[in-house]
Amino acid sequence: MFDSLLLKKFNRLRARNLGYESPLTGWDAFVDSSEYEERTFRDGEELNRVVEASYIDFMGGPRTVAAMGRFARRFPRTGTRILSLLTPHLFRWLVGPMERTGPDRMRITSCTFLTSTSPRMCHRLCKVPTEKYFTEKVFVPLTLVPDVKAATCEVTFTPYTPPERRAPEA
């Protein structure tokens, strides 16, 4: 029930950001709108902006996301732990069941999005924009490592490190 309400909400917000409302319902509407998104937004930056807008709306709007980012910058370990604890419960409707594999790590045991779409869509509509969104907007760097053959994905949250404390790039 809770999962279906979250999916319905996300579909509604996404339709507004895409400018396309699927004639289907539930998960089928989500897959249909993902296919529309894949066909319509060829430019990676434009696609990232559309996905990001849906994430921001879903998570309560720009002020809520900004507050999450401020919290994660001020309390990086706590922000990471909170997200890693909530994610398996709040995003099961989107990616399927998850299991925790460490304090800040989890495994999507059978990715519903990947099995319903394609590896290309997994990369373009999930991996790249989701990593970018969590790293740049929520300030909790996220790494997704999908295994296309097994339809699983390793998810790792990393505590935020301010630029002045990061190791110089080689």
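The values are calculated or read from the model by the stated rules, or taken from the named source; none is laboratory data. Predicted, not measured: the structure shown is a model, and the values here were computed from it. Note that we place each Cβ from the backbone using ideal geometry, even for glycine, and neighbour counts take in every protein chain shown. Ligands, DNA and RNA are stripped out before the accessible areas are found, and what is left, the full protein with its side chains, is counted by its heavy atoms. Shrake-Rupley method; radii C 1.70, N 1.55, O 1.52, S 1.80 Å.
Is it true that residue 69 is assigned to a loop (DSSP other than H, G, I, E, B), over 19 Å from residue 122 (Cα atoms) and not hydroxyl-bearing (Ser, Thr, Tyr)?
Numbers: assigned to a loop (DSSP other than H, G, I, E, B): no; over 19 Å from residue 122 (Cα atoms): yes; not hydroxyl-bearing (Ser, Thr, Tyr): yes.
Spelling it out, it is not the case that residue 69 is assigned to a loop (DSSP other than H, G, I, E, B), over 19 Å from residue 122 (Cα atoms) and not hydroxyl-bearing (Ser, Thr, Tyr).
So, of the residues in the stretch 82-110 that are farther than 20 Å from residue 125 by Cβ and in a helix (DSSP H, G or I), which turns out to be most open to solvent (accessible area, probe 1.4 Å)?
Among them, the one singled out is 89.
Identify the single condition in (1) more than 23 Å from residue 116 (Cα to Cα); (2) within 15 Å of the chain's Cα centre (by Cα) that residue 73 does not satisfy, given that it satisfies every other one.
Going through the list (1) more than 23 Å from residue 116 (Cα to Cα); (2) within 15 Å of the chain's Cα centre (by Cα), residue 73 breaks only (2).
I'm trying to understand the selection: among the residues of the stretch 31-65, which are open to solvent by 40 Å² or more (accessible area, probe 1.4 Å), over 18 Å from residue 91 (Cβ atoms) and not basic (Lys, Arg)?
35, 36, 40, 43, 45, 46, 62
What about residue 79, is it under 26 Å from residue 164 (Cα atoms), open to solvent by less than 40 Å² (accessible area, probe 1.4 Å) and in contact with a strand residue (DSSP E or B) (Cβ under 9 Å, 6 or more places away or on another chain)? Show your work before the answer.
On the way: under 26 Å from residue 164 (Cα atoms): yes; open to solvent by less than 40 Å² (accessible area, probe 1.4 Å): yes; in contact with a strand residue (DSSP E or B) (Cβ under 9 Å, 6 or more places away or on another chain): yes.
Judged against the criteria, residue 79 is a match.
Considering only the stretch 111-145, how many residues are within 26 Å of residue 69 (Cα to Cα), assigned to a helix (DSSP H, G or I), open to solvent by less than 20 Å² (accessible area, probe 1.4 Å) and among the hydrophobic types (A, V, I, L, M, F, W, C)? Before you say what the answer is, go through the steps one by one.
Within the stretch 111-145, the subset within 26 Å of residue 69 (Cα to Cα) is 122-145.
Now narrow it down to the ones that are assigned to a helix (DSSP H, G or I): 122-138.
Now restrict to residues that are open to solvent by less than 20 Å² (accessible area, probe 1.4 Å): 122, 125, 129-130, 133-134, 138.
Within this subset, residues satisfying the condition of being among the hydrophobic types (A, V, I, L, M, F, W, C) are 122, 125, 134, 138.
Qualifying residue count for the region: 4.
Name the one entry in 56, 82 that is among the β-branched types (Val, Ile, Thr), over 17 Å from residue 158 (Cβ atoms) and out of contact with any Asp or Glu (no Cβ under 7 Å at 6 or more places or on another chain). Lay out the reasoning, then the answer.
On the way: 82 fails: over 17 Å from residue 158 (Cβ atoms).
Matching residue, one of 56, 82: 56.
Which pairs have Cβ atoms under 8 Å, sit 6 or more apart or on different chains, and link a residue in the stretch 76-100 that is without any contact (Cβ under 8 Å) to a residue 40 or more places away in the chain to one that is basic (Lys, Arg)?
Filtered contacts from the stretch 76-100: 88/100; 99/107.
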